[in-house]
Structures are given as structure tokens and as C-alpha cells.
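Worksheet for the structure shown next.
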Amino acid sequence: LIKCKTRNIPIYIVSHKTKYGHFDEKKISLREEALKWMDKKNLFNREYTSINKEDVFFASSREEKVEKINELGCTHFIDDLIEVFEEPKFPKDVNKILFSSNKEDQKIGLKVFDNWTDINEFILDGYSNKDLISFANLLGARNPKSVTPVEGRGNSQVYKVRTSNKKYSMKLYPDTSLDSRPRLETEFRALEFLQSNGIKNIPKPEARNSTLNSGLYSWIDGSKISTISLNEILECVSFVKKLKDIKTLDSHDLNYASEACLSGKTLINQINMRFEKLDIVSKSEPTLEEFLNKFFSPLLDQIKKEFLPLWPLNSLDKDLEKKYLIPSPSDFGIHNTIRDQENNIIFIDFDYFGWDDPVKLASDFYWHPAMNLKIEHREFWLSSLKDMFKDTDLFFEDRLNAAMPLYALRWILIILNEFILKDQKRRQHAKSTQEYNWEQIKHFQLNKAIDLTSSLKKYIT
């Protein structure tokens, strides 16, 4: 709607809705309630859209609805009822767009989408500079001079915003129909929480807008770290120490991390759920099917048999006690850092943040495919965290030893997410300014999964 406003494209809402409910003795106006709902959802907010209440038309029948669409001269019409498009008098020159997740609805002459991001791309292509300037203005970066994309982010679209006296990072989070996790709220509140607890080497949260599902953060002038040395590992260990020292465990503002693993049982369940999703997809992906059946499944059975019995009983089938949890970025590592102009490491990307078992953070860092750490760096990392937690968590090392191969299995499945259409769409939307070849990426990700499988086999022998 914002893009249509910036491009001067008129929008009409045409609804088949009776005045009253068929069995409503109180005669509450359904049309008035619908208008109230639209108002509440900002459809008449002049900051966001050019729609007036006079642009909303209610019809008493489908035939009347189709007549109004024709009368208004619409070029495109979006509906979630296929029967509207099957009306004999529906205008032939109107682009029909069906909002549906039912694969049976794929019909000739009909475009079918299950999310608004795809509809957006189909009708209006990507974001123009004028669109992005409008977004930045609505977020509070008044009168931006330029908005430029930041390449290489995995899940969200990130832009550098310049005003006359300030620079910001603007983050557009994934379509909630593709990823229901509240990434904006999680990241913004995480950064506020960390800053209030004295952690400064993170971006400053500036503004957020839930209607846009977007956030504005301080811009960090610097560069990504391409060569990892022991100094960077030490910086990461130091950051974890700061997290560990935060003692406000009962804070109502902080939830559990995304996909937190508080027991051995939870970790196994997560692995099984991820495997089942990929197993379904593999029926039409022969190379994936061969990998899962020939390599992954036997390894999963072996590791469950050998390592799950090592898991301490106090957190095998029940959640770890809260006193052993730490606030965790979840997706933590040097791949999510920037070296600023004063040579400080700034940690970024906190949209999975929350309370979690530090064993998950330790294992994820060790196996994370985005870092490709040297073995001496991995070993130093693990020994540092064992020393850090040994006095406050007597079972930390035992839990870590049992969990490490299981987290590697979990990472192998995460790498293969690209085979799942919903995950692929989310990443494609995040890389909207880059070329995206799904077949090439699936092949690349499968090779990465094979490499990590080889590393895991070496680790357990």
C-alpha cells in the first residue's frame, strides 16, 4: 500500500458483504465493523496509504461485486475466493490474483500466491528508492538523502540510510506469513535489554514500526572480519562472559531464544522435526533423498545411541533449571560482527535472542558453517567456555560432551533448509537485490552439508 502511494497508483477495496448477519437480531452493521477494522489496521492512515473510506465499496452479491470491479477499471484484483474469478462477467482484461495456500487452486489464467511479499513483487517489482525513502521517513529518519542496500544478509533486507547529519541501518524483517517469529520485537528489545545491562559493543536501537515490520538502528562504520585470529575468538569469549554476568533472570521483558534447547529431549525433537520436513521434500529431490537415507539417517541413529546416554539426567527429559540459563544471541559468531573504525568488534543480529542453555551457544559457535574456524580456534573456544561455567554449572561439560554431535546434526539439517520452499522464499526475499538461482544454491548447500557430515564423523571417532 505504501508503494502504491509513492507511485500514485489508486487502490479500491471491493467487498461482498451483507449489511447484517443472517441470524443477528441486534442488527449490528457488518459493513461498519469492517470499516472500523480497516481503520484500526491503518488502511486509512494518510502516512501509509492514499485510501479513503470513499474508496471502499460493499456489494450485496458476487455479481454486484464483479460489476463494481469492472466499473472502477481495475488492472489487478486480489481475492481469496476463487468463485469471484469464476463469475461469468468477471472482466477478462483484469489480472486475477488468488490469495491461497491450496495447491489445488493453481488454474490457467490465475496467479496464486500464499503471501503478500510475492504479490508485491508480482505487481510492483522490488523497492524503488522512493519507496525506501518513504519507509525510512515513517521509521523516523526524517528527510533521508539516500537509502542503499547492504548485501549479504541471510533473512532480512538491510539498508544504509543517510540523512543530513546521521546514518542509520534500516532492517526490513521477513514476511510474517513466511516466518511467524516476532523478529523485530525480539531484536529491538534484546538491544535495549543488553544496553541497559551495560553492554555497549552492539548497535543502538533507534526506532521500530510494527506496521512496517521494520526497525531503525545506529549505523556502524567498519567492515566485516574476513580473517579470524585468536584475538577475535577472545572477543567472543569476553562477550559471552558479559552475557553470563547478567543476573536479571526474572526479567519479564526477555523471552526464551528462538528454538531454545533446554533439554536433551527438546534437542532430539528439533532434529526429528527438521528431518521430517526434509524427508517429505526429498521425494522430489533425488540427491537430497540419497544423502538423507545413505549418510544422515545412519549417523543420526549412531549418535543417539552413543551420545544421548551421556546426557546428565537433570536435563535429559526435563528443562534445565533457570539459574543455569544465559541470555543468548542464538545465531552468535564472528559472521555476525563488524570491526569498527576504532578497531572494536561490534556484535550484530539479535533477532533470535533470549534465554537459553549456554551449551547450545557453545556448540553452535563451534559448528557454525558461516565461520569455518581452524581446529585450534574451536578447541580454544570450548576450553574457554568450560572454564567459564565449571564453577556455576557442575554438569556443563558433561552436557556439552553429549550435545556437541547432536548440534552438528541439527546444523546439517539447517544448511539444507534451502530445499524447503517456505525457507527458500524467505531468503530470496532477503536477497531481493541479488541474483538468486535456487538450483545452484540447493547444490551448494548439499555440498556444505556433506562437508559438515565428514567433519562430524572425524569428531566422533
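The values are calculated or read from the model by the stated rules, or taken from the named source; none is laboratory data. Nothing here was measured: the structure is a model prediction, and the numbers come from that model. Positions of Cβ are backbone-derived with ideal geometry, glycine not excepted, and every protein chain shown enters the neighbour counts. Just the protein is used for accessible areas: all its heavy atoms, side chains included, with ligands, DNA and RNA removed. Shrake-Rupley method; radii C 1.70, N 1.55, O 1.52, S 1.80 Å.
Key figures for this structure:
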{"quantity": "Residue satisfying condition, being at pLDDT 95 or above and either open to solvent by 40 Å² or more (accessible area, probe 1.4 Å) or farther than 30 Å from THR227 by Cβ (or both), within set PRO309, PRO358", "calculated": "PRO309"}
{"quantity": "Selection count, region 154-173, where residues are surrounded by fewer than 17 Cβ atoms within 10 Å (Cβ to Cβ) and under 27 Å from SER226 (Cβ atoms)", "calculated": "4"}
{"quantity": "Test result for PHE350, open to solvent by less than 20 Å² (accessible area, probe 1.4 Å), assigned to a helix (DSSP H, G or I) and either over 28 Å from LYS458 (Cβ atoms) or in contact with a Phe, Trp or Tyr (Cβ under 9 Å, 6 or more places away or on another chain) (or both)", "calculated": "no"}
{"quantity": "Residue list for region 324-381, filter: over 27 Å from LEU446 (Cα atoms) and among the acidic types (Asp, Glu)", "calculated": "ASP340, GLU342, ASP356, ASP357"}
{"quantity": "Cross-chain or 6+ apart pairs with Cβ under 8 Å, region 133-148 first and among the charged types (D, E, K, R), then modelled with pLDDT of 95 or more and open to solvent by 30 Å² or more (accessible area, probe 1.4 Å)", "calculated": "LYS145/ARG162"}
{"quantity": "Residue that is farthest from the chain's Cα centre (by Cα) [pool: residues in region 139-153 that are hydrophobic (A, V, I, L, M, F, W, C) and either open to solvent by less than 30 Å² (accessible area, probe 1.4 Å) or at pLDDT 95 or above (or both)]", "calculated": "ALA141"}
{"quantity": "Yes/no for LYS242 being over 30 Å from LEU308 (Cβ atoms), of a type in the set (D, E, K, R) and part of a helix (DSSP H, G or I)", "calculated": "yes"}
{"quantity": "Those residues of region 174-228 which are open to solvent by 70 Å² or more (accessible area, probe 1.4 Å) and assigned to a strand (DSSP E or B), in sequence order", "calculated": "ARG208"}
{"quantity": "Filtered residue count, region 70-81, keeping only those that are in a helix (DSSP H, G or I) and open to solvent by less than 50 Å² (accessible area, probe 1.4 Å)", "calculated": "1"}
{"quantity": "Within region 410-437, tally of residues that are part of a helix (DSSP H, G or I) and modelled with pLDDT under 80", "calculated": "10"}
{"quantity": "Matching residues in region 339-395 - criterion: being closer than 20 Å to ILE326 by Cα and among the small types (Gly, Ala, Ser)", "calculated": "GLY354, ALA362, SER363, SER383, SER384"}
{"quantity": "Enumeration of residues in region 300-341 that are of a type in the set (A, V, I, L, M), assigned to a helix (DSSP H, G or I) and under 29 Å from the mean Cα position of the chain (by Cα)", "calculated": "LEU300, ILE334"}
{"quantity": "Residues of region 82-130 satisfying the condition of being over 29 Å from the mean Cα position of the chain (by Cα), open to solvent by 40 Å² or more (accessible area, probe 1.4 Å) and among the aliphatic types (A, V, I, L, M)", "calculated": "ILE108"}
{"quantity": "Within region 1-58, tally of residues that are among the hydroxyl-bearing types (Ser, Thr, Tyr), part of a loop (DSSP other than H, G, I, E, B) and closer than 16 Å to LEU138 by Cβ", "calculated": "3"}
{"quantity": "Count of region 282-296 residues which are within 16 Å of ILE415 (Cα to Cα) and either small (Gly, Ala, Ser) or open to solvent by less than 40 Å² (accessible area, probe 1.4 Å) (or both)", "calculated": "6"}
{"quantity": "Selection from region 381-409 of residues that are open to solvent by 10 Å² or more (accessible area, probe 1.4 Å) and in a loop (DSSP other than H, G, I, E, B)", "calculated": "LYS390, ASP391, THR392, LEU394, PHE395"}
{"quantity": "Some residue of region 358-379 being under 22 Å from PRO405 (Cβ atoms) and in contact with a Cys (Cβ under 6 Å, 6 or more places away or on another chain)", "calculated": "yes"}
{"quantity": "Answer residue from region 218-271, given it is more than 25 Å from the chain's Cα centre (by Cα) and aliphatic (A, V, I, L, M) and is modelled with the lowest pLDDT among those", "calculated": "LEU249"}
{"quantity": "Checking GLU259 against (1) touching a residue at least 60 places away in the same chain (Cβ under 8 Å); (2) under 20 Å from PRO405 (Cα atoms); (3) open to solvent by less than 50 Å² (accessible area, probe 1.4 Å), the condition it does not meet", "calculated": "(3)"}
{"quantity": "Selection status of GLU232, touching a residue at least 12 places away in the same chain (Cβ under 8 Å), open to solvent by 60 Å² or more (accessible area, probe 1.4 Å) and within 30 Å of ILE348 (Cα to Cα)", "calculated": "no"}
{"quantity": "Hits in region 59-69 (condition: open to solvent by 30 Å² or more (accessible area, probe 1.4 Å), in a helix (DSSP H, G or I) and touching a residue at least 24 places away in the same chain (Cβ under 8 Å))", "calculated": "ARG62, GLU63, GLU64, LYS68"}
{"quantity": "Some residue of region 320-328 being surrounded by 13 or more Cβ atoms within 10 Å (Cβ to Cβ), farther than 30 Å from GLU187 by Cβ and out of contact with any helix residue (DSSP H, G or I) (no Cβ under 6 Å at 6 or more places or on another chain)", "calculated": "no"}
{"quantity": "Inter-residue pairs, beta-carbon under 9 Å, first within 14 Å of ILE246 (Cβ to Cβ) and in region 171-198, second part of a helix (DSSP H, G or I) and open to solvent by 10 Å² or more (accessible area, probe 1.4 Å), 6+ apart", "calculated": "LEU194/LYS242; ASN197/LYS242; GLY198/LYS242"}
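Residues are listed down the side, and each one gets a yes or a no for (1) among the small types (Gly, Ala, Ser); (2) assigned to a helix (DSSP H, G or I):
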residue	(1), (2)
PHE122	no, yes
TYR127	no, no
LYS130	no, yes
ALA136	yes, yes
THR148	no, no
LYS160	no, no
ASN165	no, no
SER169	yes, no
